[in-house]
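Contents: one structure, followed by commentary.
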Amino acid sequence: MPVRRVDDDDIDTGVDELGVLLMGPARGPYWYGSRLSIDEARALAPANNATTLQVAAGVLGGLVWALRHPHAGVVEPDEIDFVEVLAVARRYLGPVEGVYTDWTPLQDRGWLFDETVDRSDPWQFVNFRVE
């Protein structure tokens, strides 16, 4: 049987940004999420990277919630107390922040090839779909 070794030092530097982009015309898109560097991730959990730690943090928070509420049964995510989950997950996420941006789906479009887009309203679905 061949011996295999997982290379856990494949990432030297960098930051992983994992979050949600809420889009709309009122104030522009809003990104809210975690920015975790590889150094921060390895200080918290050696042999990991930022992405695995950010994902595992939510899973860990959900598991702790389930253990604390054994009689809750099967629940939808909206029924779980997010504050309680984040209290567990937060220490593994690095800086969590929200920022507004002026990005729209029309930014940098059309220079590579012709596309059908709706320039009158950047938030239409046709502007997100790439043909």
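Taking 7 Å along the Cα-to-C-beta vector as the label spot, tell me the D121-D39 distance in nanometres, rounded to one decimal.
For D121 paired with D39, the spin-label model returns 4.7 nm.
Treating the angle as unsigned and between 0 and 90°, give the value, to the nearest 10°, between the Cα long axis of helix 50-68 and the longest Cα principal axis of the chain.
The two axes meet at around 60 degrees.
Tally Lys and Arg at +1 and Asp and Glu at -1 over the other residues with C-beta under 12 Å from the C-beta of G33: what net charge comes out?
-2
Nearest 20 debye, what's the magnitude of the dipole of the chain about its Cα centre given +1 on Lys and Arg Cβ and -1 on Asp and Glu Cβ?
The calculated dipole for the chain is roughly 340 debye.
Based solely on its DSSP helices, what 222 nm [θ] is calculated for the chain when runs of n ≥ 4 H residues each add -39,500 (n - 2.57) and the sum is averaged over all residues, nearest 500 deg cm²/dmol?
Rounded to the nearest 500, it is -8000 deg cm²/dmol.
Mind grabbing the base-10 log of I(q)/I(0) for the range 15-100 at q = 0.13, 0.14, 0.16 Å⁻¹? Debye formula, identical points on the C-alpha positions, no solvent, two decimal places.
-0.50, -0.57, -0.71
FYI, it's all coordinate maths here, none of it is from the lab. As the structure is a prediction and not an experimental result, all values here were calculated from the model. Virtual Cβ from ideal backbone geometry, glycine too; neighbours counted across all protein chains shown.
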